[in-house]
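Enquirer: This is the structure I have questions about; it appears just below.
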């Protein structure tokens, strides 16, 4: 069955809802500007405003360059006069092993494109939970696909002769409703919650990307990884692969804007044609948070095709 969808949801009686960023690097108690003349003079003038990187919308804070480097951060943009966007350093790529409560899995040389398949073709990122770092038991891992593009599925299936993204090590991954062959294509803007056993600290979580497609594609990825404590208000209800808590959002099928064809070129990018390409064998839960001040949900089908129709249903 051919299924594609993009829905917009709105909650009545809008309520402000803010998320706290769990990045230990920028905790106020950890920030200590270096004692040099420039930072001493500029520190009262340069407020620690939040900023976003242009490549993958990663959240950081505006700091003098020396202060950013002194706290172990990475300079990833500018905020203004002598102020730079400083982001967390907990970032890894292929063969990286990280234990931070919040980290990033990025493609080699990100944000540059990986047009050719990897050599070797498999890239493994390991998240190793650590009792010393974790203050509370961890029940879920949240993945945010801030920037993610692989080769598209072939006849709705990833893996084999095309690319794939697979998660290994989660205690109930088989119950998420994702295909065993993994996901691929365009997942930018998507997220998912993976449940893990809070008592199995020694069990690592593996994020595995395989570039099995020999054609050249505009591959790159930046995945934000957050460990969610069992008592956290941001923990998704059981059975929810995706969990929406905002007052308004969009729900899309995986690879909704996926690539369907690719024309190899000699440049740094690949000419592609964009089209919807739904993956098969998906059966997962999408949940919306219930708030005491909200009395209803309004759904609008921006684009919806459930198969068997001659044209898309829009409106």
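Enquirer: Spin-label point model (7 Å from Cα, Cβ direction): what's the residue 134 to residue 197 distance in nm?
Expert: According to this spin-label approximation, the distance is 1.2 nm.
Enquirer: Starting from the Cα-Cα distance between residue 257 and residue 112, subtract it from 0.36 nm times their residue separation and give me the gain in nm to one decimal.
Expert: Value of the extension gain: 50.1 nm.
Enquirer: Here's another thing I want to ask about it. To the nearest 0.05, what FRET efficiency results for residue 214 and residue 250 with a Förster distance of 30 Å applied to their C-beta separation?
Expert: Working from the Cβ atoms, E equals 0.35.
Enquirer: Now for a different question. For residue 284 and residue 75, FRET efficiency with R0 = 51 Å and r from the beta-carbon atoms, rounded to 0.05?
Expert: With R0 = 51 Å, the Cβ-Cβ based efficiency is 0.85.
Enquirer: Quote the Stokes-Einstein diffusion coefficient, in whole µm² s⁻¹, for segment 90-288, based on the Kirkwood radius over alpha carbon pairs, a temperature of 37 °C and a viscosity of 0.692 mPa s.
Expert: Taking Rh from Cα pairs, D becomes 190 µm²/s.
Enquirer: Just want to confirm a number: the relative contact order over segment 53-93, from Cα pairs under 8 angstrom separated by 6+ residues, in percent.
Expert: 41 percent
Enquirer: If I take the Cα coordinates of segment 112-229 and project them onto the principal axes, what are the three extents in Å, biggest first?
Expert: 45, 30, 26 Å, listed from the longest principal axis down.
Enquirer: Take peptides 59-66, 280-287 and line them up by average Cβ neighbours within 10 Å, highest first, as a rough protection proxy.
Expert: 59-66, 280-287
Enquirer: Taking the Kirkwood radius as the inverse of the mean 1/r across Cα pairs, report the Rg/Rh of segment 48-89.
Expert: 0.91
Enquirer: Starting with the fewest neighbours, write out 163, 197, 155, 305 ranked by other beta-carbon atoms found within 10 Å of each beta-carbon.
Expert: 155, 197, 305, 163
Enquirer: Then there is this: Relative contact order (percent) for segment 90-288, with alpha-carbon contacts under 8 angstrom and 6 or more residues of separation?
Expert: The value is 29 percent.
Enquirer: Using the count of nearby Cβ atoms within 10 Å as a rough guide to exposure, how do 193, 136 rank from fewest to most?
Expert: Neighbour counts put them in this order, fewest first: 136, 193.
Enquirer: With a Förster radius of 35 Å, plug the Cβ-Cβ distance of residue 297 and residue 154 into 1/(1 + (r/R0)^6) and report the FRET value to the nearest 0.05.
Expert: Taking R0 as 35 Å, the efficiency between residue 297 and residue 154 is 0.45.
Enquirer: Continuing with this model, one more query. What list do you get for 222, 54, 232 if you sort them by fewest beta carbons within 10 Å?
Expert: Neighbour counts put them in this order, fewest first: 54, 232, 222.
Read the figures in this text as sums done on the coordinates, not as results from a lab. Predicted model only: the values in this text are computed from it and were never measured. FYI the Cβ positions are ideal-geometry reconstructions off the backbone, even for glycines, and counts take in every protein chain you see.
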